[in-house]
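Below you'll find the structure, written out as structure tokens, and then a few comments.
The values are calculated or read from the model by the stated rules, or taken from the named source; none is laboratory data. Because the structure is a prediction, the values reported are computed rather than measured. FYI the Cβ positions are ideal-geometry reconstructions off the backbone, even for glycines, and counts take in every protein chain you see. Only protein heavy atoms, including side chains, enter the accessible area calculation; ligands, DNA and RNA are left aside. Shrake-Rupley method; radii C 1.70, N 1.55, O 1.52, S 1.80 Å.
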Amino acid sequence: MKKFIYLFDEGNKDMKDLLGGKGANLAEMTHIGLPVPTGFTITTEACSEFYNQDKKIWDELKEEICENIKKLEEKTGKTFGYGENPLLVSVRSGAAVSMPGMMDTILNLGLNDITVESLAKITNNERLAWDSYRRFIQMFGDVVKEVPKYKFDIIMDKVKESKGITSDLDLDVDDLKLITRKFKDLYAEETGEDFYSDPMEQLVSAVKAVFNSWNNPRAIIYRELNEITGLPGTAVNVQSMVFGNMGTNSGTGVAFTRNPSTGENKIFGEYLMNAQGEDVVAGIRTPESIDKLAEEMPDMFNEFMNICHILEKHYKDMQDMEFTIERGKFYMLQTRNGKRTSKAAINIAVDMVEEGLITKEEAILRIDPKSIDQLLHKTFSKEGLKEAKEMGEGLAASPGAASGKVYFDCKAIKENGGGILVRVETSPEDIEGMNIADGILTVRGGMTSHAAVVARGMGKCCVCGCSELTINEEKRELESRGIIIKEGEYISLDGSSGKVYMGEVPKTEIELSGAFEKFINWVDEVRDLGVRMNADTPRDCATGLKFGAEGIGLCRTEHMFFGEERIWAVREMIVSNSRLERDRALAKIYPFQKKDFHDIFELMNGKPVTVRLLDPPLHEFLPKGEADQKKLAELMGKPFSSIQERISYLHEVNPMLGHRGCRLAITYPEIYEMQAKAIIDAALEVKEQGIDVKPEIMIPLVVEKNELKYVKERIKEAIEEVFAKKKTRIDYKIGTMVEVPRACLTADEIAEEAEFFSFGTNDLTQITFGFSRDDAGKFIKEYVDKNIFEKDPFISIDRNGVGQLMRMAIEKGRKTRPEIKLGICGEHGGEPRSVEFCNELGLNYVSCSPYRILIAKIAAAQGKIKQSK
Ligand code: PEP
Ligand code: MG
């Protein structure tokens, strides 16, 4: 017969899948000789079988429970449900992964009208016995039979009121007897049956309730939110009771071995004397800091410190524990690896390496790369969020916490020197405003929309695609979930959760500590994968360098034109009808370009800089309103109608698949020629200053070798002109983005012309799936919610599809050119799972926005460590 129950001394910490986290750790503590009240665990497999058996506790399991209760009786010398020394137990759920959404604890199970008297006698404490009994009926009624808790509270309150007292502690034995009777009456009224006096019946019902709680809505939502899948169910822990409420030499508490907020290596926790576990959390009495236990019960404190030491050494991690002291004897009720802030996580990991508890590799694997965001950006304070009113949710596009007055256009943002820019979507015209704004909120757009990409590059908090929000331009107000915010009123954005709040939510600032630097040095020692940044301006470069960027993997030149002065020159260039007109516009752009490249090369000081030549989806650049179109006509000295005509000629139905990238250079090669000249001209200038320069020129959206060959020849000729004029040369590379499936399929041919490949996984994902990157936000969430996709492929690389194309391109590319340099510069380059995949593929580097450099570095090191295991 299959074994469904394990005594604590039969299990160990590695049996989490079967015994749940709590059960496995209780077994482990028993095993290493810590004082744990004896008990047993009903396995997660039993939970799964319970569902197979139509949610019934089958006879064999009942028998197994009975046998194990007998074993507990033997071990404790107590008897279950009768006798002078009654065995009482607690019943708790516990899955392999801690799930706060599941069932609460039931304490004091085994009490009935007979055992309550015995308990009173044996403890010589009648009050304790009746207080325990009334608590048990309340918990059992609430948790097992769903009798509303408030109905029990009303009874308690009425009795207190009639006695003129406010504290539970002032209730005497008679009051508690009265309350117990009333509780039983309530129970009978609500459930239609008497309160169970048979303890086995109590226990079986409690076990059933725990199993049922596995699928209660809270637990299901918790699993969904935390992406917990594939677990068979919850285990149930049945443990003999110890009492923290047996008098002044008894107590109960919770503690962490180190401070979970700062990581300080000092015990952190609280306790209450003469109390049961729930009192500490319920807030009825104010608990004492654990330090006080050292004065109040030094022996107990020392024993606890010793246990903390043993547990940390054993688990090699910070522990979160529950304990009870019963009449001067110390018991451990739970231990698990404690949750902590990212600051604490780093400090603890570094300290533990230095204490010789763990290796550097183990320390690196312990840090969730994504949590590093918390360290780099201001966050809303926990207390602030508790009070805050949530009014919408979009995509967490760029981390950070921002509060400010709402403005609906950049003019207002500029006039007010900041605020939250709220737009249906953003476009290059908004760039200056976005730069000044404290945060950005859009109604439309996905994770790679203009707003998201630009905001991440700027390290600016952004929530995009918040479709429940409507903007009323006329009234200058927005509406979401029935809340109306007028222009000039405050909202707050959480760029890490995608949530939007009403009003101003208070923030906390986190400092990067010395331990953090040490940690990153270890990460740098371990990883093979290089980490570059996507940076378009000297300011981005400075940020990325601060975080240790090893070069620029993508400098999007179209982003350099967003300034007010420049965008008009670019527009002129785009709407030009003739080579002459275009040359005139290009001549205006040239000095800006050269100056930008100069500044970037100077800052990058010899690190490689990949400059991508122009790739402007035309819809992002053309002037939209009539006023802007008239202004352009004026600037170009042309009739308004001719500009309108040209704009309508340039209009594209699918601009993302339109006249973009190198297609533009096939029709107007002079654009790339100008850019290549500006790059090399600037590089030579910087070289003259004695600074090393490594320019890499990158051609976007290539689909065919001959296309690249044509563009490359034009660029090279232009560059030779600069060399001839300056009478000096410099090394440079020409490569291509690989961002179209055909480029992957023909990568062996393309590699004949390309010295490097950089995977543009934004477009590669868009075109492989056939999902518009600007519109997919509308439906992708449904795919994830309905488990059709595990992840949004625009966020995390789709290994089966896009990943396969990448693998093929790498293989083919290396076959033609073994030394070809390979990188990635799509948004995936800063997403931990994708970075690990890039490590697996053997890329040379990933490139991501400056604020994600550290995340990418940690993920790269983790990938390497996992690979070598
Ligand atoms: C890409 O397509 O992945 C890329 C980096 O280019 P862009 O996002 O500018 O199209
Ligand atoms: Mg692209």
* Structure fact -> Share (percent) of C-alpha pair distances in region 226-383 greater than 27 Å works out to 34
* Asked: To the nearest 10 degrees, how steeply does helix 640-650 sit against the main Cα axis of the chain, on a 0 to 90 scale?
  -> 60
* Any idea what angle helix 126-143 forms with the longest principal axis of the chain, computed on alpha-carbon atoms, 0 to 90 degrees, nearest 10? -> 40
* Taking 1 over the mean of 1/r across every pair of different Cα atoms in region 113-209, what Kirkwood radius in Å do you get? -> 13.9
* **Gain on full stretching of the segment that runs from Glu720 to Glu84 - 0.36 nm per residue minus C-alpha separation** => 218.8 nm
* Asked: To the nearest 0.05, what FRET efficiency results for Lys71 and Lys378 with a Förster distance of 51 Å applied to their C-beta separation?
  -> 0.40
* **Whole-percent carbon and sulfur share, accessible surface of region 471-603, 1.4 Å** => 50
* Per-residue [θ]222 nm for the chain (sum of -39500 (n - 2.57) over DSSP H runs n ≥ 4, rounded to 500) -> -14500 deg cm²/dmol
* With a 1.4 Å probe and every protein chain left in place, work out the accessible area per residue of the chain in Å², rounded to a whole number. => 42
* Structure fact -> For region 403-547, whose charge dipole is built from +1 on Lys and Arg Cβ atoms and -1 on Asp and Glu Cβ atoms, the candidate among Ser497, Gly446, Trp522 with its Cα farthest towards the positive end is Trp522
* Structure fact -> Share of accessible surface on carbon and sulfur in region 353-454, whole %, 1.4 Å probe and ligands ignored, is 44
* Starting from one equal scatterer on each C-alpha and no solvent at all, send me the Debye-based log10 I(q)/I(0) for region 769-850 at q = 0.15, 0.19, 0.26 Å⁻¹, two decimals. => -0.60, -0.88, -1.30
* Structure fact -> Here, GluC sites (Glu not before Pro) of region 123-217 satisfying both criteria (DSSP loop; at most 13 other Cβ within 10 Å) are Glu146, Glu193
* Ranked highest first by average number of other Cβ atoms within 10 Å, how do 49-62, 385-398 line up? -> 385-398, 49-62
* Gained length - Glu224 relative to Asn472, 0.36 nm times residue gap less alpha-carbon distance -> 85.8 nm
* **With DNA, RNA and ligands ignored, accessible area of Ser261 (1.4 Å probe; Å², nearest 10)** => 60
* Asked: Between Asn216 and Asn800, what is the spin-label point distance in nm, taking each point 7 Å from the Cα along the Cα→C-beta axis?
  -> 3.6
* **Asp731 - accessible surface, heavy atoms, 1.4 Å probe, Å² rounded to 10** => 130
* Structure fact -> If R0 = 41 Å, then Glu487 and Glu670, at their Cβ-Cβ distance, give a FRET efficiency to the nearest 0.05 of 0.40
* For region 153-275, build the charge dipole from Cβ charges (+1 Lys, Arg; -1 Asp, Glu) around the Cα centre, then report which of Gly263, Tyr196, Ser240 sits farthest towards its positive end. => Gly263
* Note the full-extension length gain between Asp153 and Glu504 as 0.36 nm times their separation in residues minus their Cα-Cα distance, in nm to one decimal. => 122.8 nm
* To do: With the full set of protein chains in place, find how many percent of the accessible area of region 690-730 is carbon and sulfur; take the probe as 1.4 Å.
  => 50
* To the nearest 20 debye, what charge dipole does region 723-869 have about its Cα centre, counting +1 at the Cβ of each Lys and Arg and -1 at the Cβ of each Asp and Glu? -> 660
* Taking the simple approach of a point 7 Å from Cα along Cα-to-Cβ for both Ser197 and Arg181, what is their distance in nm? -> 1.6
* Structure fact -> Cα convex hull volume per residue for region 451-533, in Å³, equals 143
* To do: Sort the chain into rounded, prolate or oblate with this rule: let a ≥ b ≥ c be the square roots of the eigenvalues of the Cα gyration tensor; rounded if a/c is under 1.5, and if a/c is not under 1.5, prolate when a/b is larger than b/c, oblate otherwise.
  => prolate
* What is the magnitude of the charge dipole of the chain about its Cα centre, with +1 placed on the Cβ of each Lys and Arg, -1 on the Cβ of each Asp and Glu, and no other charges, expressed in debye to the nearest 20? -> 2100
* Asked: Looking at region 480-510, which GluC sites (Glu not before Pro) are DSSP coil and have at most 10 other C-beta atoms within 10 Å of their C-beta?
  -> Glu509
* Structure fact -> Along the dipole axis of the chain (charges at Cβ: +1 for Lys and Arg, -1 for Asp and Glu; origin at the Cα centre), the most positive-end residue among Pro506, Thr667, Tyr150 is Thr667
* State log₁₀ I(q)/I(0) for region 393-462 at q = 0.24 Å⁻¹ as given by the Debye formula over alpha-carbon point scatterers of equal weight, solvent excluded. => -1.00
* Projected-area average for region 519-611 over all orientations - Cα convex hull basis, square nanometres -> 7.0
* Just tell me which lysines come within less than 22 Å, Cα to Cα, of Lys151; anything on the same chain fewer than 8 places away is out. => Lys160, Lys163, Lys177, Lys182, Lys184
* To do: Take the Cα atoms of region 1-76, build their convex hull, and give its volume per residue in Å³.
  => 87
* How far is the Cα center of region 117-154 from the Cα center of region 607-660, in Å? -> 75
* Antiparallel DSSP beta bridges within the chain, percent to nearest 5 -> 60
* Dimensionless Rg/Rh of region 820-868 - Kirkwood Rh, Rg from C-alpha atoms -> 0.94
* To do: Estimate the FRET efficiency between Thr105 and Gln867 by the formula 1/(1 + (r/R0)^6), using the beta-carbon distance for r and 45 Å for R0, to the nearest 0.05.
  => 0.60
* Run the dipole for region 353-492 about the Cα centre, Lys and Arg Cβ at +1, Asp and Glu Cβ at -1, nothing else charged, and hand back the magnitude in debye, nearest 20. => 100
* If you take all C-alpha pairs in region 226-281, what percent of them are over 19 Å apart? -> 56
* Sorted by mean Cβ packing within 10 Å, highest first, what order do the peptides 323-334, 14-25, 640-651 take? -> 14-25, 323-334, 640-651
* Structure fact -> Nearest 10, in degrees from 0 to 90: the angle of helix 298-315 to the longest Cα principal axis of the chain is 50
* Roll a 1.4 Å probe over the protein heavy atoms and report the accessible area of His314 in Å², nearest 10. => 60
* Could you let me know the centre-to-centre spacing of region 460-476 and region 780-840, using Cα atoms, in angstrom? => 31
